[in-house]
Structures are given as structure tokens and as C-alpha cells.
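Peer 1: Would you mind keeping the following structure in view while I ask a few things?
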Amino acid sequence: MSAALTCSAADLSSLLGPNATAAAEYICGQLGTVNNRFTDAAFAIDNTYLLFSAYLVFSMQLGFAMLCAGSVRAKNTMNIMLTNVLDAAAGGLFYYLFGYAFAFGGSSEGFIGRHNFALKDFPTLTSDYSFFLYQWAFAIAAAGITSGSIAERTQFVAYLIYSSFLTGFVYPVVSHWFWSPDGWASPFRSPEHRLFGTGAIDFAGSGVVHMVGGIAGLMGALIEGPRRGRFEKSGRAIALRGHSASLVVLGTFLLWFGWYGFNPGSFAKILVPYESGSSYGQWSGIGRTAVTTTLAGSTAALTTLFGKRLLSGHWNVTDVCNGLLGGFAAITGGCSVVEPWAAIVCGFVAALVLIGCNKLAEMVQYDDPLEAAQLHGGCGAWGLIFVGLFAKEKYVNEVYGATRGRPYGLFMGGGGKLLGAQFVQILVIAGWVSATMGTLFFILKKLDLLRISEKDEMAGMDMTRHGGFAYMYYDNDDESHRATQLQRVDP
């Protein structure tokens, strides 16, 4: 906002003649009331904007649920949709009790927050309930990413345990490092305390959300092993296709819609002028962020379309949807600090990263039904590198505060310090999530709480664990149904 209106009765009284003091006090009182109304309106507008963005990000849970349901076989539909519901429910409770405090509760050493557990002494001067709701929606998004990697073979209790641990501890610690004003790698710290003089820039979470969710899924899938029938003994990959491309497309569009709360909403405020009295302000940055998000996703989708056509000979809608989401995951970290043309570069490379990661996954017999680790982990890491290369000085200063000599993108003339900070972020996220979630999944495996039995896996978890199928549908690899059909046609 512009500077607050000020009024002094002493300054006015000399200009007003008889009864000057009383008149001046009255005028100043009215101006003070008007100023307070403007301040109240600014808070209301900013909080309404953040709440609306939180609703959009939360709607992505429906997108995740539909995407996951379409990407698994029909016999596991109820199971994967239930896990998405419980990601939100368990995440809500544990983020309220512990997660928000660890993420934004204030700290002295920059590692972990230590105030506001169960929202005690909340709201604060800098945070209101709308901010909590927005950050909770981000936390459960990370948990939703992980559930896709270990789908179709994981015990239900394991979902509850890992989701609570991820949203209540692992994810909040990472968000504290990079998003809290006193996090050790935060770009919001004072200049003398910033990592390499800049801090790591991850505006909406290519690393904090997508890499955390993707690497957590990677650890779970590695420890659990591939689904039965995914790879032959010779090592050849067998496609276990999802049962509904329609649900995949529906989920993708819902995620696309929600991403306009995920990225532009991360500004948290809209009524912030960059040039007082002009049409240029944070609302312009929000619009630009929506544009860069759109261009990166669109470019990644088209690149994947033609790239997979050359590799497989097919126009595959599922691959295009995953490519689109890979572009979004990559641009998320730098969406606010890059030009629209750079977003096209981001999306193009993200598609190549996703295709390459999927090829590597097949080579090492890694099984991820939703390509979540490749998409969110691989493309998220590229997104952080992209920021270090293409962040524009003007936008960095507008979003993170103008500081003389602040580093920005290497290709934009800003030197290599920001790129160095981005690599540090990649390494520490990979190390932290691998150590914490890897240990948790390993313990669950040793306690026989991680993977379901071979019999249950072949029959499908909907029937064995949830009391029946979501609907009557038979997968191509359903051997019992195939045998029944052969008996019917056998004379």
C-alpha cells in the first residue's frame, strides 16, 4: 500500500481562522478514519485473495484423486481414492498440531520452527488463518504426490503413517528452510545472512513441494519393490496400464485449474504497488505468473506429444497429461521471476527430463504407477536449476525485496551465486527426505506393515481390503476374468 495519510491539527489550525483548533482536529479525525478504512480494506482484499487461492489449491486434491484413479487398474480404484481423502484428513490434523509450527513458528537457528503448535498464540502480526489454510493445502499436495508412487501394493496402515509423518514433520522442516523468513536458506533473510548472498529461490515449491513428494515416493517405491508382473525375469518391462484415460484427463484439467492458485496465489498478497499511483503492481506480477505457468505446461505437453510419438509411434493422451504436469512442476519454483519466453524453455526441457527419467526407470526396473518420482522429483529439480539460470533481476527485486547487488539468473547476467544456492537446495532436500522417509519405509517393511500379500495384490485391494469393487470393470491383466471368458466361448 501507499504511505498512510497523516494529519496534524497544529499544521492545519493556522490555515483555518476562528475555531481553527477544533476544525483542524475534526478534519484530522475524519482523515484518520478514512485511512483506517483503507487499511482495513487492504487486509480484507489480501486475505480474501489468499483464501480463494487456498480453495483452488485444495481443489487439486480432487485432481490428484481422479488422476490416481485413472492411472491404476480398476481393482484398486477405491483404495487409491480413499488414500487421497485421508491425505487431506490426516494432513489437516497433523499440520495443525505440529506441521505449521515446524514450518513457520519462528526459530533462532534456522532449522525448525518452535512456536504456534496447535495454532497457539495465533493469529500473529504477520500471519492469519488464511495463511495457515493455504500452507496446509500445500502440505497435503506433497503427500498426494507420494501416494501415486506406491499405489496398488501398499498396506492401508502404511498410507496413514507416512502421510501423517510427511505432513507433520518432513515437509514442514523443508518449507521452514526455504520459505520461513528466518530459514537458513530463505531468500527473505537479511542480506548478510543469506545463502551465497541470495538464498535459494523456490517461489511456489518445485523443490519444497514437488521434490519432497517425489523423493518420498521414490524411497517408498524402491524399498517396496515393483508391482507383481511389471517386469519379466529377463528385465523386459510389461505395461500395467491404468483403466481410465477419461479420469486421467479429468484429473489433469482439475490440477491445471488448481495450479492458478498454487503459483499466482503464492504471492499471498495482491494489493501491493510496485510503482505508487501507477497501474503496475503485484497484481501485474500475479498475472505474469499465471502466464508463465500456462506457457510452461503447454510447451511441455506438446513436446511430450511429439517426443513420445517419435519413440513409440503413438499419440498417447496419458503421456501428454504427465508431460503437462511435469511442465507445471518445473515452472513452479521460478514462475514469478522469469519472462514468459523463458517459461517456454522451462517446459521444453521439463518434457525431455520426464522422458529421460522414465527411460531410466525402466532400465533399473523401478516401478511408479503415476510416474510421480520422475515427474515431480525430476522435473522439480530441473525447475530449481532453471531459476538459477533465467531469474530476471527486476522481478527478483520486486518479489523478494530490492537489495543492491543481489544475485539473479546466470544467463541473465547475474552470476552463478543463485545457481549455486539452487544446487544446495536440491542436495539438501534429496538428503533430508531420503534419510527421513527412507528410514520410515524401511521400518514399516521390517514390521511387515508396508506391502500387501501376493494374493491380495493379484486379486486387487478393492475386493480384499475395502469390501468390493468401485464399479464393474475388468482389467486387461485380470487372469480370472480371462479364464471365465474362455470357458464361455469353449464348445
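Peer 1: Expressed as a rounded percentage, what relative contact order does segment 333-425 have, with Cα pairs under 8 Å and six or more residues apart?
Peer 2: Numbers: 103 pairs, mean separation 27.8, N = 93.
After rounding, I find 30 percent.
Peer 1: Over the chain, what is the relative contact order in whole percent, taking alpha-carbon pairs under 8 Å and six or more residues apart?
Peer 2: Working: 920 pairs, mean separation 99.7, N = 491.
Relative contact order, the chain: 20 percent.
Peer 1: Cα centroid distance between segment 262-301 and segment 171-219, in Å?
Peer 2: Taking the Cα centre of each part, segment 262-301 and segment 171-219 sit 20 Å apart.
Peer 1: With axes computed from alpha carbons, what is the tilt in degrees of helix 129-149 against the longest principal axis of the chain, rounded to the nearest 10 within 0 to 90?
Peer 2: It works out to around 20 degrees.
Peer 1: So how do 237-249, 206-218 stack up, highest first, on mean other-Cβ count within 10 Å?
Peer 2: Per-residue Cβ counts within 10 Å, averaged per peptide and sorted highest first, yield 206-218, 237-249.
Peer 1: Leaving out ligands and nucleic acids, note down the accessible area per residue over the chain with a 1.4 angstrom probe, in whole Å². Numbers along the way, then the final one.
Peer 2: Working: 21130 Å² over 491 residues.
Here the per-residue accessible area is 43 Å².
Peer 1: Below 8 Å between Cα atoms, with a sequence gap of 6+, how large is the relative contact order for segment 66-148 in percent?
Peer 2: Numbers: 70 pairs, mean separation 23.1, N = 83.
About 28 percent, as a whole number.
Peer 1: Same structure, new question: How large is Rg over Rh for segment 139-222, taking Rg from the Cα atoms and Rh as the Kirkwood inverse mean of 1/r across Cα pairs?
Peer 2: Numbers: Rg = 14.8 Å, Rh = 13.6 Å.
Across segment 139-222, the Cα-based Rg/Rh ratio is 1.09.
Peer 1: Compare the peptides 190-200, 136-146 by average per-residue count of other Cβ atoms within 10 angstrom and give them in order, highest first. If you can, show how the numbers build up before the last one.
Peer 2: Numbers: 190-200: 18.1, 136-146: 28.1.
Highest-to-lowest ranking by the protection proxy: 136-146, 190-200.
Peer 1: As I understand it, the value is the acute angle between the Cα axis of helix 282-312 and the longest principal axis of the Cα atoms of the chain; what does it come to in degrees, rounded to 10?
Peer 2: So the inclination is approximately 20 degrees.
Peer 1: A follow-up question, please. Rounded to the nearest percent, how much of the accessible area of segment 35-97 (1.4 Å probe, protein heavy atoms only) is carbon and sulfur? Walk me through the intermediate numbers first.
Peer 2: Working: 1950 of 2510 Å².
Whole-percent figure for carbon plus sulfur exposure: 78.
Peer 1: Hey, another quick one. Which order do you get for Lys120, Lys233 if you rank them by accessible area with a 1.4 Å probe, largest at the top? Before the final figure, lay out each step's value.
Peer 2: On the way: Lys120 135, Lys233 215 Å².
If we order Lys120, Lys233 from most to least accessible, we get Lys233, Lys120.
Peer 1: Return the FRET efficiency for the residue pair Ala42, Ala435: r is the Cβ-Cβ distance, R0 is 45 Å, and the value is rounded to the nearest 0.05. Could you put the intermediate results ahead of the total?
Peer 2: On the way: r = 43 Å, r/R0 = 0.96.
My answer for the efficiency is 0.55.
Peer 1: Inverting the mean 1/r over all pairs of different Cα atoms, compute the Kirkwood radius of segment 369-428 and quote it in Å. Don't jump to the answer; show the numbers that get you there.
Peer 2: Numbers: mean 1/r = 0.0817 Å⁻¹.
That comes to 12.2 Å for segment 369-428.
Peer 1: Oh, and also: Helix-only estimate, please: 222 nm mean residue ellipticity of the chain, summing -39500 (n - 2.57) across DSSP H runs of length 4 or more and dividing by its residues, to the nearest 500. If you can, show how the numbers build up before the last one.
Peer 2: Details: 18 runs with 296 residues, N = 491.
Counting only the DSSP helices, I get -20000 deg cm²/dmol.
Peer 1: Here's a follow-up. Throw me the Rg/Rh for segment 282-397, computed over C-alpha atoms with Kirkwood Rh, two decimals.
Peer 2: Working: Rg = 14.3 Å, Rh = 14.1 Å.
Across segment 282-397, the Cα-based Rg/Rh ratio is 1.02.
Peer 1: Continuing with this model, one more query. With everything on Cα atoms, drop me the angle between helix 379-390 and the longest principal axis of the chain, reported from 0 to 90° to the nearest 10.
Peer 2: It works out to around 40 degrees.
Peer 1: Whole angstrom only: what separates the Cα centroid of segment 91-113 from the Cα centroid of segment 306-379?
Peer 2: Segment 91-113 and segment 306-379 have Cα centres separated by 32 Å.
Peer 1: Moving on to the next point. Run through all the Cα pairs of the chain and give the fraction in each 10 Å bin from 0, expressed as whole percent.
Peer 2: In order of increasing distance, the bins hold 4, 19, 28, 23, 13, 7, 3, 2, 1, 0, 0, 0 percent.
Peer 1: State, in angstrom, two size descriptors of segment 91-196 derived from its alpha carbons: Rg to one decimal place and Dmax to the nearest whole number.
Peer 2: Values for segment 91-196 (Cα only, Rg and Dmax): 14.7, 49 Å.
Peer 1: Continuing with the same structure: Can you give the Rg/Rh ratio of segment 132-177, where Rg is from the C-alpha atoms and Rh is the Kirkwood radius? Present the calculation step by step, with values, prior to reporting the outcome.
Peer 2: Details: Rg = 11.1 Å, Rh = 11.1 Å.
Result for segment 132-177 is an Rg/Rh of 1.00.
Peer 1: Another question, then. Could you state how much accessible area Arg465 has, in square angstrom rounded to the nearest 10, with a 1.4 Å probe and all protein chains kept in place?
Peer 2: The value for Arg465 is about 100 Å².
Peer 1: Follow-up. Just the number, please: carbon plus sulfur as a percent of the accessible area of segment 151-309, 1.4 Å probe, no ligands or DNA/RNA counted. Mind dumping the intermediate values first?
Peer 2: Details: 3670 of 5530 Å².
That share works out to 66 percent.
The values are calculated or read from the model by the stated rules, or taken from the named source; none is laboratory data. What you are looking at is a predicted structure, and each value in this text was computed from that prediction instead of being measured. When we count neighbours, we look across all protein chains shown, and the Cβ atoms used for this are built from the backbone with ideal geometry, even at glycine. The protein model used for the area step is the full one, side chains on, heavy atoms only, and it has no ligands, DNA or RNA in it. Shrake-Rupley method; radii C 1.70, N 1.55, O 1.52, S 1.80 Å.
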